[in-house]
Amino acid sequence: MTPLTFSSSADAPREAARLVARTTRLDADTLARLPGGVSALAGDDARVWMHPSAQLIAHGVAARLELPHGVEGGVGWIREVLSSIGAADAVGRPGCGPVALGALPFDRTEPAALIVPAQLVGMAPDGTAWVTTIGDGAAPAPHIERADGHRRSPDSFTLRSALPHDEWCARIAHAVADIQRGDLSKVVVARAVDVEANRPIVVEEVLRRLTALYPSCAIFHFDGFLGASPELLLSRRARAVSSHPLAGTYAVSADVDADRRFSEVLRKSAKDQREHRFVVEAVAAALGPECASLDVPSEPSILSLRNVMHLGTSIHGQLKETAPDALTLAARLHPTPAVCGTPRDAAEAWLRAHEGIRRGLYAGLVGWVDARGDGDWFIGIRSATVDGARARMVAGVGVVAGSSPEAELVETQLKLQAMLAAIIRP
């Protein structure tokens, strides 16, 4: 079928009613033909969302939901469109029925789009699996086939920083001076590194490596934008809502005792605690009015990944009955001080004037929302944009009073290793 295209107009829900979605449970025989579960369907042309809370593998396009003015133009109509699609759901789990998924830019005003897939295969944490197909007038029969893994991977690579180290460090020093002068309290400055391979990068292999290296992260791929994000911006299941903001970073070693000492250094770092508190306060302030109750721990914990550890605060709440859907809530939070800075307007102005790169989808929103309003939205960090044999990796650091340009450069190198380890196989 020819995909339908909707924008934030009054006609979108009426047009969406032409579509029909059918969700059926996948039987044991079907799953047995997929070693490794539904992730076996995650070929280069798939849109992929894999996290311990839900796995979604999408193919094709039933509808394209356009945001010509970005999330700043409003996203509440998307759930209305999803709810207008006729649905026969025999499973009834979050992620069943009509789902919109994709990646949205860092810049709230940049044009964007989400996709309602023609077919979506999902799996819940307890192993329950399903397939949803969507068509114009009638849902087609599902077509489930393992990804073709016969493409030859590249074996030669070159790396190039978008800015020389000295120039990038000078921008960090400039940011520190502006903060000390009182122009702003924090700004998150990104750094890009470009990879060029001798053959097209095989997305399926990169996703498989990311899954093995970062099993607790959200592994995603949307039209060339892929990564392994550790940072949950907003998850909603019925009235339960959660967020896990991260800020404050330290290296991880191969020595357990040393890492225990490093975690205490991170906990006691006034600079990192200050950077982290900016983010937690911003998330709590945005979620508070929508919640009947909200639990915000007074002290952060340590989230340890393969090569870095972060300060993280696990925030949980119960939404009011009138609270909006997961995407609308995530859009209200974005961008947090974890990826932009504070005050937000001042940080955004600083980045436009001085950062020197176009972020695109980096540090934007990645995830999904269903017709019930449930969904998961992570921040698109530890990511890369792949285009044939080229990839651009981006990593950011939070700059506050007392930040050292050289230390911030090292932090970007640690964060960039997350994608390098998945993309480069000499």
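If the condition is being closer than 18 Å to A12 by Cα and either open to solvent by 10 Å² or more (accessible area, probe 1.4 Å) or in a loop (DSSP other than H, G, I, E, B) (or both), then the range 78-96 contributes R79, E80, S83, S84, I85, G86, A87. When G102, G74, G70, G43 are checked against the criterion of being more than 18 Å from the chain's Cα centre (by Cα) and within 30 Å of V188 (Cα to Cα), G74 stands alone in meeting it. Considering the range 265-293, the residues that are open to solvent by 40 Å² or more (accessible area, probe 1.4 Å) and touching a Lys or Arg at 6+ places or on another chain (Cβ under 6 Å) include one that is nearest to V308 (Cα to Cα), namely F278. Within the range 24-37, at least one residue is open to solvent by 10 Å² or more (accessible area, probe 1.4 Å), in contact (Cβ under 8 Å) with a residue 40 or more places away in the chain and either within 23 Å of F225 (Cα to Cα) or within 19 Å of the chain's Cα centre (by Cα) (or both). Looking at (1) touching a residue at least 60 places away in the same chain (Cβ under 8 Å); (2) assigned to a helix (DSSP H, G or I), which is the only condition S243 fails? It fails just one condition, (2). In the range 319-426, counting only helices (runs of 4 or more DSSP H) that sit wholly within it, the ones holding 1 or more residues that are under 29 Å from V203 (Cα atoms) and open to solvent by 10 Å² or more (accessible area, probe 1.4 Å) span 405-423. Each residue in the range 294-316 was checked for being under 16 Å from L329 (Cβ atoms) and either outside any strand (DSSP E or B) or open to solvent by 60 Å² or more (accessible area, probe 1.4 Å) (or both), and 2 pass. Looking only at residues in the range 198-232 that are under 15 Å from N307 (Cα atoms) and of a type in the set (A, V, I, L, M), which one is surrounded by the most Cβ atoms within 10 Å (Cβ to Cβ)? Top of the filtered list is A228. Here the range 233-250 is the region considered, the condition is being surrounded by fewer than 20 Cβ atoms within 10 Å (Cβ to Cβ) and out of contact with any strand residue (DSSP E or B) (no Cβ under 6 Å at 6 or more places or on another chain), and the residue that is nearest to G288 (Cα to Cα) is A240.
Only one of G182, G127 is in a loop (DSSP other than H, G, I, E, B), open to solvent by 30 Å² or more (accessible area, probe 1.4 Å) and at pLDDT 95 or above; which? When all the criteria are applied, what remains is G182.
Of all residues being touching a strand residue (DSSP E or B) at 6+ places or on another chain (Cβ under 9 Å) and open to solvent by less than 40 Å² (accessible area, probe 1.4 Å) in the range 148-174, which is nearest to V399 (Cα to Cα)? Just the residue, please. Selected residue: I172.
Going through the range 398-422 one residue at a time, which ones are among the β-branched types (V, I, T) and touching a strand residue (DSSP E or B) at 6+ places or on another chain (Cβ under 6 Å)?
If we filter the range 398-422 for residues that are among the β-branched types (V, I, T), which is where we start, we get 399-400, 410, 412.
Result: V399, V400, T412.
Taking A177 as the residue in question, decide whether it is over 25 Å from the mean Cα position of the chain (by Cα), surrounded by fewer than 19 Cβ atoms within 10 Å (Cβ to Cβ) and without any contact (Cβ under 8 Å) to a residue 12 or more places away in the chain. The answer is yes for A177.
When the range 105-121 is filtered for residues that are under 18 Å from the mean Cα position of the chain (by Cα) and in a strand (DSSP E or B), the ones remaining, listed by number, are A112, A113, L114, I115, V116.
The values are calculated or read from the model by the stated rules, or taken from the named source; none is laboratory data. Keep in mind that this is a model prediction, so the values were computed, not measured. Glycine also receives a Cβ, built like all others from the backbone with ideal geometry; neighbour counts cover every protein chain displayed. Calculation scope for accessible area: heavy atoms of the full protein, side chains included, ligands and nucleic acids excluded. Shrake-Rupley method; radii C 1.70, N 1.55, O 1.52, S 1.80 Å.
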